[in-house]
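Colleague: Mind looking over this structure? Questions follow.
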Amino acid sequence: MATLLEISGLTSHYGRIQAVKGIDVTVQEGELVALVGANGAGKTTLLRCISGVQPVTSGSVKFAGEDITRMSPEGRVALGISQSPEGRQVFGPMSVEDNLRLGAYRRSGAAAIKADMDRIYEMFPILHKKRDLPAGTLSGGQQQMLAIGRALMARPRVLLLDEPSMGLAPLLVAEIFRTIVTLKEAGTTIFLVEQNANAALAIADRGYVLETGSVVLTDQGQALLANEKVKEAYLGL
Ligand SMILES: Nc1ncnc2c1ncn2[C@@H]1O[C@H](COP(=O)(O)OP(=O)(O)OP(=O)(O)O)[C@@H](O)[C@H]1O
Ligand SMILES: [Mg+2]
C-alpha cells in the first residue's frame with residue numbers, strides 16, 4: 001500500500017504556545033486512521049496544518065510523496081485533501097443543495113457533479129428530503145451529514161474528519177460512524193480526529209493517541225481499544 005499522507009516532526013504554534021510538538025503520523029491509501037485525544041490536545045491544529053490553514057513552524061507534511069508544507073489551502077484541495085471541519089460550519093442561510101454544490105467548487109463536469117450529489121443523497125436520504133431548505137434549519141446530526149457530504153463533493157483522495165460525533169446523541173453518533181465505515185469500505189482514505197476514542201478506535205485500522213501536542217501511543221485500532229492505559233485515560237473504564 002502506498003503512503004498517502006506523511007507527517008514528520010510537525011510543530012505548530014499560536015504565538016508562543018506550542019500546540020503541536022513534533023508529531024509523526026502516516027496514512028496509507030485506503031486506510032481509516034483515527035487520532036484520539038482530549039479537549040485541547042492539538043487535534044484540530046494538526047488537521048488545520050494538513051489542510052493548510054494553520055502555519056507550520058517546523059517539520060513537514062507530504063501528500064502522495066510531494067512536500068506540501070508550504071502549499072496554499074486551495075492547492076491542497078486541488079490535490080484531493082478535503083476537510084469536514086470541527087463544528088460542521090455549514091452555511092446556514094444557503095440551501096442544503098447549494099452547500100453540497102459548494103464542495104464541488106473546484107470541479108467541472110455537471111454530469112459527474114450531479115452523479116456524486118445523487119450518491120450523497122442516497123447515503124443521507126434526509127438531506128435529499130431537505131435539499132431546498134436553509135442548512136441552518138437542519139438538526140446537529142443532519143448538519144454533520146451535510147458537512148461530510150460537502151467534503152465528499154470535492155472527490156477527495158483523503159477525507160479529514162474533525163470530531164464528527166461532537167454534540168450528537170448516541171444513536172446519531174452510531175449512524176455517522178456507520179457512514180464512515182461505509183465510506184472506508186468503498187475505498188475512501190480517511191483521517192478521523194475524535195475525542196470519542198471508543199467509537200473512533202472501534203472502526204479504525206490504526207490509531208494514534210495525542211496528549212498535549214504529542215503522540216504518546218500508536219497501534220492497531222483494536223489493540224488501542226484493549227490497551228489498559230487508553231482505557232483508563234479515555235474510555236472511562
Ligand atoms: N486560535 C488559538 N489561539 C491560541 N491558542 C489556541 C488557538 N486554538 C487552539 N489553541 C490552543 O492550542 C491547543 C490545541 O488546541 P486544538 O484546538 O488543536 O485542540 P483539540 O484537540 O482540537 O481540542 P478539542 O477536542 O476541544 O477540539 C490548546 O491548548 C488550545 O488552547
Ligand atoms: Mg478540535
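Quick note: the coordinates plus some simple rules give every number you see, no bench work behind them. Keep in mind that this is a model prediction, so the values were computed, not measured. For neighbour counting, all protein chains shown are included, and Cβ atoms are generated from backbone atoms with ideal geometry for every residue, glycine included.
Colleague: At R0 = 22 Å, how high is the FRET efficiency between residue 232 and residue 58 if r is their beta carbon distance? Nearest 0.05 is fine.
Modeller: 0.10
Colleague: Here's another thing I want to ask about it. Would you mind computing Rg(Cα) / (2.2 N^0.38 Å) for the chain, counting N as its residues? Intermediate values should be presented prior to the final figure.
Modeller: Values: Rg = 17.2 Å, N = 237, 2.2 N^0.38 = 17.6 Å.
Normalised Cα radius of gyration, the chain: 0.98.
Colleague: Something else now. Which percent, nearest 5, of DSSP beta bridges in the chain are antiparallel?
Modeller: 55 percent
Colleague: Taking the Cα-to-Cβ direction at residue 139 and at residue 214 and moving 7 Å from each Cα, how far apart do the two end points lie in nm?
Modeller: Computed distance between label sites residue 139 and residue 214 equals 4.2 nm.
Colleague: Calculate how steeply helix 140-152 sits against the longest principal axis of the alpha-carbon atoms of the chain, using the helix alpha-carbon long axis, and give the answer as 0 to 90 degrees to the nearest 10.
Modeller: Value to nearest ten degrees: 90.
Colleague: Same structure again: On a 28 Å Cα-Cα criterion, which of the cross-link pairs 62/114; 21/231; 43/130; 43/129; 62/130; 129/184 come out too long?
Modeller: Numbers: 62/114 31 Å; 21/231 24 Å; 43/130 32 Å; 43/129 33 Å; 62/130 38 Å; 129/184 25 Å.
The pairs that break the limit, which is 28 Å between Cα atoms, are 62/114; 43/130; 43/129; 62/130.
Colleague: May I pose another question? Return a whole-number percent for the relative contact order of segment 1-66, with Cα pairs under 8 Å and 6 or more residues apart as the contact set.
Modeller: Answer for segment 1-66 is 46 percent.
Colleague: Taking the simple approach of a point 7 Å from Cα along Cα-to-Cβ for both residue 166 and residue 111, what is their distance in nm?
Modeller: Between residue 166 and residue 111, the simple spin-label model gives 4.0 nm.
Colleague: Between residue 71 and residue 205, 0.36 nm times their residue separation minus their Cα-Cα distance comes to what?
Modeller: Numbers: separation 134, 0.36 × 134 = 48.24 nm, distance 2.85 nm.
My answer for the length gained is 45.4 nm.
Colleague: Could you derive backbone 3J(HN,Hα) for segment 52-68 from the dihedral phi with the Karplus parameters 6.51, -1.76 and 1.60 (θ = phi - 60°), listing whole Hz in sequence and x where the residue is Gly or Pro?
Modeller: Result, rounded to whole Hz: x, 9, 10, x, 8, 7, 8, x, 9, 10, 10, 10, 6, x, 9, 6, 10.
Colleague: Run the simple label-point estimate for residue 102 and residue 39 please: 7 Å along Cα→C-beta, distance reported in nm.
Modeller: Those two pseudo-labels are separated by 2.8 nm.
Colleague: Quote the relative contact order of segment 102-191 in percent (integer), defining contacts as alpha-carbon pairs under 8 Å separated by 6+ residues.
Modeller: Worked out over segment 102-191, it gives 31 percent.
Colleague: So, one more: By how many nm would the segment from residue 129 to residue 14 grow when fully extended, if each residue of separation counts as 0.36 nm and the alpha-carbon distance is taken off?
Modeller: Additional length available on full extension: 37.2 nm.
Colleague: Now for a different question. How high is the relative contact order of the chain, in percent, with contacts defined as C-alpha pairs under 8 Å that are six or more residues apart?
Modeller: For the chain, the relative contact order is 27 percent.
Colleague: Quick one: order 165, 58, 95 by neighbouring beta-carbon count within 10 Å, fewest to most.
Modeller: 58, 95, 165
Colleague: Let me ask something else about it. Please label the shape of segment 104-208 as rounded, prolate or oblate, based on the square roots a ≥ b ≥ c of the eigenvalues of the alpha-carbon gyration tensor (a/c under 1.5 means rounded; beyond that, a/b larger than b/c means prolate, else oblate).
Modeller: The shape class here is oblate.
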